[in-house]
There are 2 protein chains.
Amino acid sequence: MTTDGEARRGRRRGAGRDAKLARAAAGSATQAYIKRKIPYYEILNAEGLEIIEHNADTILEEIGIDFRDDAEALELWRAAGADVQGERVRFPRGLCRKLVMDSAPAIFTQHARNPANSVVIGGDNTVMVPAYGPPFVHDLDKGRRYATIEDFKNFVKLAYMSKSLHHSGGTVCEPVDLPVNKRHFDMVYTHMRYSDKPFMGSVTAPERAEDTVAMAKILFGDEFIDPATGQEKTVVVNLINANSPMTFDETMLGAAKVYARANQACVISPFILAGAMSPVTVAGTAAQILAEALAGMAFVQLVRPGAPVVFGTFASSISMQSGAPTFGSPEPTQVMYIAASLARRLGVPFRSGGGLCASKLPDAQAAYEAANTLQAAAMAGVNFMLHTAGWLEGGLAMGYEKFMMDADQASMLGVLLGGVDMSENRHWMRSAKLGRVIIFWVAPILRQISKVHSGDLTLRTTTVTSNGSRKVHWMPLSVPTNAGNRP
Amino acid sequence: MTTDGEARRGRRRGAGRDAKLARAAAGSATQAYIKRKIPYYEILNAEGLEIIEHNADTILEEIGIDFRDDAEALELWRAAGADVQGERVRFPRGLCRKLVMDSAPAIFTQHARNPANSVVIGGDNTVMVPAYGPPFVHDLDKGRRYATIEDFKNFVKLAYMSKSLHHSGGTVCEPVDLPVNKRHFDMVYTHMRYSDKPFMGSVTAPERAEDTVAMAKILFGDEFIDPATGQEKTVVVNLINANSPMTFDETMLGAAKVYARANQACVISPFILAGAMSPVTVAGTAAQILAEALAGMAFVQLVRPGAPVVFGTFASSISMQSGAPTFGSPEPTQVMYIAASLARRLGVPFRSGGGLCASKLPDAQAAYEAANTLQAAAMAGVNFMLHTAGWLEGGLAMGYEKFMMDADQASMLGVLLGGVDMSENRHWMRSAKLGRVIIFWVAPILRQISKVHSGDLTLRTTTVTSNGSRKVHWMPLSVPTNAGNRP
C-alpha cells in the first residue's frame, strides 16, 4: 500500500515518462520523404546536354575507365563487348547507356524496419540524409575531437528524432575508438538498434558488405524476401565512390558486387575536386562525371540486371593556390544542375547536394555555403540528398550545432518543394456564404500589427479562409524569430 | 634640397600612395552589371499565372485601391476611366495592365556619373544594390548603434569599392545625426561625392524628390538631357512602397509624380508581411502584390507615359505567434518566383531579393537566411536586387561585416548567372595540335593533390586548355579557403 503522496509522485513520474514518450513519438512522426510539386531547374537546354553526353561517350570510348585488381570485373566487361587492355576498359559508344537504360530501375523503394519510414528513391521524391564519413565531431562546448561510437549513437538518435531527415544515413561519423575491422558491425547495429528509419551499409571491404547484408537479413527476417517478386527487398543503400579520375578500385568494386547480387542499392558517385580530379571547366567536369557514373552503374547492371543504382555526384571546386576544396561556390552548383538533368535523361535516381561547407565552425561561412548547396540541390531535383545535415570542415567533422541548423533548413526545403497550393481555397477568395471577395485571413492580433505597419486596414478582414481551414507559415526551430521588423 | 633618406622616404610614400590608388582603381574596375546567361526558374505554369492575373484583376475591380490625400491622382484615374468613390479607385478589368503594357519600357538605362558604371535595368540583366533604410548600424567591435552620416559615407565607399555591387544604393543607412528635413541633401550629395556608380533618390516627401532631381541636374549638367531623344536621362531610381494592403499615400504619390515627370525611375513595391498585410497563402499574396504593383505602375504611366517603372516585391512571412517577420523561409521564396514570372509577362523590370535576415548579428542564422533569399532571387530573375548587402535584423540595422560577406555572395551569384561556357574550348577537349583527347588542365601542384586524393593520375595531364587559355574557379574573398578536405 502506498501513501497518497507516493501515488501522486508515481503518477507524476509515470505521467512525465508517458508525456516524454508521446513527445518522442510525435518527434519521430515524420513525413517519410518529400514529394516534389515544383518544376526542376534545368540550366542547360537539350542541345547542351547532348554535347555533354556525346563527350562522355568519347571519354568512355577513347580514354576508358580502369577497373583495378578485379579479374571478374574485367571478364564481365569483355563478355559485354568492351575492349579490355590490361585493367583499362574502353566501351563502344552507347554501351554503358544501353546497359543502364535497359535494366536499372528509374525508382525504387528502400524498406525501413518501420514500414512507415520506407522511402521511395527516384522520380519526384527527395530523401534527406545526414552527412557521411567525418572522422571528427565538433560542438561549441567541447570543440573538435575524434569521433567515438557514442557520437555515432548520438547522431543516429538525432536523425531519428528529426522530422526533416528521412534517413539514418551511414557513417554519420567514424567511431575511431573501435577497431577498424569490427567497426562496421557497431555502426550497422547502431542504425538498427536506435532508429527505425532506413540506413546505409558498409563499403570499406567486400566482406563488410557481406556482413551488412547478413545483419539486414537477421533484422528483416522473413520480410527480407518480397513475396510478390521472390526477390530480396532493397533495405540498404551504399555509397560506391569512383576513384576519380576514371578509376574504380578493388574495394569499391567488391562492395558493389556484394550489394548488387543481394539486390541492394549502389550510389555510384564520382568524387570530384574540379581542377584536380577533373577538368577545371564545368562542361568538361560534367562529361567526366557522366562517363564515370555510366561505367559504374553499367557494371552493377552486368553483375545483376535490375539491381537498383543511383547516379551520384559530389563535385567541389578547389583553390588553385592552396588546393583546398571550396563549397557553396558557383561552378559545382552548375555541375550539379547539369548532372541532375543527365540523370533524368538516363532515367535513374540522382544523389548529390547536402549542407556542404569548408568552415571549421558552425558560423556564417558554414551557413552561407551550406544554404547555397542545399537550395541548389533542392532546385536541381536531387533524390537522395546525402550530407544534408552536420557537415563541417570539408567533411572532416560532424557538427552537433550544424546538424540541428541543417535539419531546420531541410524542413524549410520540404515546404519549398511542396509547391504552391493553387486549390480554390488557397488561391482565392470568394466566400460562398458572404457572396463577396475575401482576401484576408487575419487573426485579431495580426490586425493590430498590420495597423501599426501600414496604417488602418482598409479591407474587411476575416479569421478564416473560405472553407474555414487555417494555414501557417514555415518557421525555423533553431533560431529566434523575435527580431525587430522594418518596412 | 633633400637628403637621400628624405627622398627615399618621399618616393616610398609616393609609391605607397600610388600603389594604393592603383589598387583602389582596380577595386572599382567593376563589371557594370550582370548579364544573365542561364534560364529563369518558373515555379508556376502559364495556367497558374493566369489564375493569379485574373484574381488581381478581381481585386482591382471589386475591392480597388486607395489613393490617399491626392486629388490630382483621383482626377487622373477618373479621366482614365476608373470608378472613383471617395479615395477608393476601382479599375475596369485590364485597365491597369493596358496602361503599363502600352507605355512602360521593358528595359531602361540608369545613367551613372561615370558612364562605364551606367546600368541597364530589365531584360536579362541583374543589378546588385546595397541594403536600404536601416536606422542602426552594427559591427562586431562596437555593436549596434544609431547610424550617422559617417556610417552612410562608409557604406557608399564600400559599395563603390565592391566589384560585385553595381549600384551605390539609396538610404544605405539613416544618418540620424542630421535633421530630418535636411538629411536627404547629405545623403544624395554623399552618393555624388564618394561614388560614381548610379544611386537612388529621396522619396520621403515630394519636395525632397524635387531636391534630388535638382541636384541630379547640377551633377549631370548638359548631360542630363539625352540629345538623341530630347528627354531627360534616367539618373535616379526611387523606391515607391505601396502602403499595403491596397493603399498608396500622399508621400509616395507625391514623390512618384515628381520622379515620373522628370523621367526618373519608380520602383513600385508592395511591402508585404504575408498574413498581416496580405493573405497568408502564397497564391493570395501574389494576387494582391500584382494588383498593388499594377495600380502603382499604371499611375506612373498616367502621369507620364513612358516613364520607367520597376515591378517591386518585398514579401516576408511572419510568425503567427509574435508577429515578427521571418526571412529565408519558403513561402516568400515562392511568392518571389511567382512575382518575377508576372513581371516578365507584363514586360517590365523586376525588383526583389537581397541578403535578407532576421538575425541581429552576422552569424549563421543571418547567413542561412541571406543565402536562401539571394540565391532564390538570382534564380527567379530579379533585375534590381535591392538589399543585396548589409541587411541585418529585419532591416533595422546595416552590418559592416554582413555587408562584406553579402558582397562576396553577390560576386558568387554573378558567376552562377554567367552560365556554363559551352564553347568548344570549354566543353571539350580534343587538341588540334596533339590530335587526341585532352580532358585535364592541371598544374603540377594540382597533380600532386590529385595523386594524394585519388591515387596516381591515369590520364595524361596538361597545363593548358586546347587554345591555351586558363580558367580559375570563383573563390570567396571574405572567408578562408584553407580548410581541410575529405573525399
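Since every read-out is calculated from the coordinates, none of them should be taken as a lab result. In this text the structure is predicted, and so the values were computed from the model without any measurement. For neighbour counting, all protein chains shown are included, and Cβ atoms are generated from backbone atoms with ideal geometry for every residue, glycine included.
Only Lys, Arg, Asp and Glu carry charge here, each on its Cβ (+1 for the first two, -1 for the last two); on that basis region B:87-225 has a dipole of about 420 debye about its Cα centre. Take A:D141, move 7 Å from Cα toward the beta carbon, and the resulting point lies 3.5 nm from the same point in each other copy, nearest first. Loop-located GluC sites (Glu not before Pro) across region B:47-137 with a Cβ neighbour count of 13 or fewer within 10 Å are lacking, with loop assigned by DSSP.
For B:F185, inter-copy separations between label points set 7 Å beyond Cα along the Cβ vector come to 8.5 nm, shortest first. Taken about its Cα centre, region A:83-154 carries a charge dipole of about 240 debye when Lys and Arg each add +1 at the Cβ and Asp and Glu each add -1 at the Cβ.
Sequence-distant contacts, meaning Cα pairs under 8 Å at least 6 residues apart, place the relative contact order of region A:84-199 at 27 percent. When the charge dipole of region A:54-173 is built from unit charges on Cβ atoms (+1 for Lys and Arg, -1 for Asp and Glu) and taken about the Cα centre, the candidate among A:A131, A:L158, A:S118 whose Cα reaches farthest toward its positive end is A:L158. Rounded if a/c is under 1.5, else prolate if a/b beats b/c, else oblate: with a ≥ b ≥ c from the C-alpha gyration tensor eigenvalues square-rooted, which is region A:147-225? Cα axes put region A:147-225 in the oblate bin. Calculated on the Cα set of region A:248-397, radius of gyration then Dmax: 15.3, 46 Å.
All alpha carbon pair distances within region A:202-255 were sorted into 10 Å bins beginning at 0; the resulting P(r) in whole percents reads 23, 41, 26, 10, 0.
On the principal axes of its alpha carbon atoms, region A:298-359 extends 44, 21, 19 Å, with the longest extent given first. Seen from A:L413, the other residues with C-beta closer than 11 Å to its C-beta sum to a net charge of -1, counting Lys and Arg as +1 and Asp and Glu as -1.
A 29 angstrom limit on the alpha carbon distance is what I want to check against. Which of A:K360/B:K157; B:K142/B:K163; B:K163/B:K217; A:K233/A:K360; A:K37/A:K217; A:K197/B:K360 exceed it? Over 29 Å Cα-Cα: A:K360/B:K157; A:K233/A:K360; A:K37/A:K217; A:K197/B:K360.
Shown here for region B:127-168: trypsin sites (Lys or Arg not before Pro) in loop regions (DSSP other than H, G, I, E, B) with at most 12 other Cβ atoms within 10 Å, namely B:K142. The Rg/Rh ratio of region B:39-92, with both radii computed over alpha carbons and Rh defined as the Kirkwood radius, is 1.18. Computed on region B:96-240, the Cα convex hull volume stands at 139 Å³ per residue. Let a ≥ b ≥ c be the square roots of the eigenvalues of the Cα gyration tensor of region B:268-327; is it rounded (a/c under 1.5), or, if not, prolate (a/b larger than b/c) or oblate? Prolate, because a/c is 1.5 or more and a/b exceeds b/c. Rounded to the nearest 20 debye, the dipole magnitude of region B:119-182 is 80 debye, with +1 charges on Lys and Arg beta carbons, -1 on Asp and Glu beta carbons, and the Cα centre as origin. For B:A46, the label point sits 7 Å beyond Cα toward Cβ; its separations from the matching points on the remaining copies run 1.8 nm, from shortest to longest.
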